[in-house]
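Okay, so here's the structure we're looking at.
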Amino acid sequence: DIGHAKAQAVAQQAKRRMVEGGKCYGIHGDLRNYGPMAFAGFDAVFIALDNYAAKELENQTILQIPAAQRPVIGMAGTRGERAVSVLMNGEDFCLRFLFDESWLENSDIRTSCSGPQYMQIEGVTKEVRTSGLASLIAAAMLAEKFRAWTLGDPNVMNTRTTYTPYPNLELLDTAPM
């Protein structure tokens, strides 16, 4: 899928896995050109955006939709080699409560392997890229959370799943208090 718009590539992959009659759309464009009702009535919206500020804008847009028409929101991302996935209902908590505080240090930071990220390494700011493995883990965790939700497991809603790589290997589910 290299070279294709992320939203459209994800939609194509999702369509291959959907039950008969299911619908999936990949919307590629400037989020600021879409009002909240563009997302109303969908069962779920997966936000495939590369920076926190854009994810936050999408979250705030969706929260403007009347509750009865508001979709479940799914998003994933990486920070260094750490992978995070979030599934939320847009009722109890918003994105701000579910993403790690470190993501707020620079809201314009890119959070995927598709663009540069900058990290302090031994006191020097260096450009780094997230590995394909971290991005794959983030996407797989979100897909599993969504699958669990569709199978009726309420425990995956409004939670953050974080994968931390070796040497601090950990898989952690957290929910805001």
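Here are a few things to note about the model shown:
- Residues considered: Phe99, Phe146. Of these, the only one that is of a type in the set (A, V, I, L, M, F, W, C) and at pLDDT 80 or above is Phe146.
- When segment 140-177 is filtered for residues that are within 13 Å of the chain's Cα centre (by Cα) and touching a residue at least 60 places away in the same chain (Cβ under 8 Å), the ones remaining, listed by number, are Met141, Leu142, Lys145, Phe146, Asn158, Thr159, Arg160, Thr161, Thr162.
- Taking the criterion of being of a type in the set (Val, Ile, Thr) and not in a helix (DSSP H, G or I), the residues of segment 123-174 that qualify are Val124, Thr125, Val128, Thr130, Thr159, Thr161, Thr162, Thr164, Thr174.
- Residue check, Gln13 open to solvent by 30 Å² or more (accessible area, probe 1.4 Å), among the polar types (S, T, N, Q) and outside any loop (DSSP other than H, G, I, E, B): yes
The values are calculated or read from the model by the stated rules, or taken from the named source; none is laboratory data. The shown structure was predicted, so the numbers you read here are calculated from the model rather than taken from an experiment. Heads up, the Cβs are rebuilt from the backbone with ideal geometry, glycines too, and the neighbour counts pull from every protein chain shown. For the accessible areas, the whole protein counts, side chains as well, though only heavy atoms, and no ligand, DNA or RNA atoms are used. Shrake-Rupley method; radii C 1.70, N 1.55, O 1.52, S 1.80 Å.
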